[in-house]
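Scroll down for the structure; my scribbles are underneath it.
The values are calculated or read from the model by the stated rules, or taken from the named source; none is laboratory data. Please read these numbers as outputs of a predicted model, since none were measured by experiment. Note that each Cβ is placed from the backbone with ideal geometry, even for glycine, and that neighbours are counted across all protein chains shown.
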Amino acid sequence: MRPTGSYLRVLRRLRRARGTLYVVDRLLVRLIDLVMVPIVRRQLPPGSSAFPEVDAGVIDQILGRHQHIDCADPHAPEVLEFVRAFDTDYILLAGCPILKPCFYGLARNTTSSFRTTWTCARPAS
């Protein structure tokens, strides 16, 4: 859990960057979470909320529940075969600077790529 001062600094930055309505909306969602989550907690998966805290433990749980592959080259034959085996409708690839055409045909509907600006402290597997 973060200290209160940390939350207040985040809210001030969000108000400057996104406006007061955004901050009010975010606070209302947190308030609704405080009321609703205890009521429906038995039906929700662990960590469910509008803005869940994501730490190393949550990332490990996600990686444990879902098949994934960590790679330096998304166009390597073993990576393409790993993706092709899912026979998926959509593909979302994070952190790939350039996605070559060989990747686009793997999904029935669409393939998207986006660059992230954050870094993760976890070492690559």
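Residue check: is THR111 over 30 Å from LEU11 (Cα atoms) and modelled with pLDDT under 75? Working first, answer last.
Numbers: over 30 Å from LEU11 (Cα atoms): yes; modelled with pLDDT under 75: yes.
Answer is yes for this residue.
In the stretch 1-108, which helices (runs of 4 or more DSSP H) lie fully inside it and hold 1 or more residues that are out of contact with any Ser or Thr (no Cβ under 9 Å at 6 or more places or on another chain) and surrounded by 13 or more Cβ atoms within 10 Å (Cβ to Cβ)?
Working: elements: 4-18, 20-40, 56-65, 77-84, 101-104.
Ranges flagged: 4-18, 20-40, 56-65, 77-84.
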